[in-house]
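The values are calculated or read from the model by the stated rules, or taken from the named source; none is laboratory data. Bear in mind the structure is a predicted one, so any value in this text is a computation, not a measurement. Note: ideal-geometry Cβ built from the backbone for every residue, glycine included; neighbour counts use all protein chains shown.
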Amino acid sequence: MILVNEATLKKNKLPEIHDLLSQHMVRIPSLVDVFAQIPDPRKARGKRHPLQAMLALACVALLCGYRSLLAISEWAHNYGLAYLSCLGFKRHYPPSQATWYRVLSKIDWQALEEQLADWVERVLAVLDSGNEWEGVALDGKTLRGSKKQGAANTHLLSALSHRLAITLTQIAVSDKTNEIGAVGDLLVGLVMKGRVFTADALLTQRNVAQSILDGKADYVFIVKKNQPTLYEDIAYLFGDLLNPEFVTDMCDVINEGHGRVERRRLTTSTALIDYVNWPGIQQVFCLERVFTRKKTGEVSLEVVYGITSLGADEATARQLLAFTRQHWHIENKSHWVRDVTFDEDRSQVRVGNLPHVMATLRNTVINLLRTTGADNIAKALRHYAACPDDALALIGLPT
């Protein structure tokens, strides 16, 4: 177990952690403890390096900005072989690149994901915000480099916490299906009760909505023309001749940045509840985004429609606007970071479970950094590259 004392908590910028200061000490599992639960696919004979130590080294190397398996295999040589004993290795030399490929490609990726998902849920419980709802974004990402090399099932469907921007779990989508066919399996592995799931138009499906309701959760979905009848009904309601009597709530938010002014207006209505045949629907909404470029004065308008199972007495227009904006944390704070900072799209590993294992380890490192309050992941990696002892401490190892 990791012991997180008051001094450690004070360094973290997250408001949730500051609320825990009065407890003085919080106990959460260390990653090293989690790795000890992963089944080793190798036979005992000829096993030179413990799997727990290899996974710990992989995470520490990733924390130091070592992105590829070749780089991970070089980490101990660059920082000193004395680190090997701290990481749990029994020999005085690290695994070779070939050993990394062979071992990680055979790991039970689903078992690894399940153990890490349980760890994330414990972290969320420790960092409980006390809010009524916990927003969870659902979205998929393709491991493009591995796909080009012929790896199977390279599209991964993930669930991400709005509040902490950490990945709760992910599953591989079979090449024979798509996200719609896989989302049920993803939801089964999640704690659902009391959470609000957000998704883009692809996952706006009746069976997905019903699965979420069955789990005693709620949804906020975007509606596009892949649901033509629903889309046309909402578009007609919010047309030019919208009757003010049909408006339940409205909010306007104006933001400035990146050389433009952005105005968001979200309007809700309950007028279609008895008309639209959709599981659990309680409100529909229209989101208008108006972008004005300061230099040119150019104005652009984007209109998006959506539905939610949250009633008007449960969620205001402002709260629904927050859910729609925070949904994109999964792109901006997870997928983008994996592609740009960890170079995931250019990774060409393709053997066995290797693409999935590496994606899971990248998620784990990002989760670690997010829970320490890191907003700039690249900056955090530079810190750990300069201070590898801090990386060892972060995963629960003495230095």
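Observations on the model:
- Once segment 203-216 is narrowed to residues that are in a helix (DSSP H, G or I) and without any contact (Cβ under 8 Å) to a residue 60 or more places away in the chain, the residue that is surrounded by the most Cβ atoms within 10 Å (Cβ to Cβ) is V208.
- Conditions (1) among the small types (G, A, S); (2) surrounded by fewer than 19 Cβ atoms within 10 Å (Cβ to Cβ); (3) in contact with a strand residue (DSSP E or B) (Cβ under 8 Å, 6 or more places away or on another chain); (4) within 26 Å of L361 (Cα to Cα): number failed by S174: (3)
- Residue count, segment 228-247 (criterion: surrounded by 14 or more Cβ atoms within 10 Å (Cβ to Cβ), modelled with pLDDT of 95 or more and among the β-branched types (V, I, T)): 1
Okay, residues lined up against (1) among the acidic types (D, E); (2) touching a residue at least 12 places away in the same chain (Cβ under 8 Å); (3) under 22 Å from W133 (Cα atoms); (4) surrounded by fewer than 14 Cβ atoms within 10 Å (Cβ to Cβ):
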site	(1), (2), (3), (4)
I254	no, no, no, yes
R260	no, yes, no, no
V299	no, no, no, yes
T308	no, yes, yes, no
D313	yes, no, yes, yes
H329	no, yes, yes, no
K333	no, yes, yes, no
T341	no, yes, no, no
V351	no, yes, no, no
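- So A182, is it within 28 Å of the chain's Cα centre (by Cα), of a type in the set (G, A, S), modelled with pLDDT of 95 or more and closer than 27 Å to S158 by Cα: no
- Checking every residue in segment 222-239 against the condition of being among the hydroxyl-bearing types (S, T, Y), in contact (Cβ under 8 Å) with a residue 24 or more places away in the chain and in contact with a helix residue (DSSP H, G or I) (Cβ under 8 Å, 6 or more places away or on another chain) gives zero matches.
Matching residues to (1) within 30 Å of M192 (Cα to Cα); (2) crowded, with 18+ Cβ neighbours inside 10 Å; (3) of a type outside the set (F, W, Y):
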position	(1), (2), (3)
P39	yes, no, yes
K47	no, no, yes
S73	no, yes, yes
A76	no, yes, yes
C86	no, no, yes
E114	yes, no, yes
D128	yes, no, yes
E132	yes, no, yes
T142	yes, no, yes
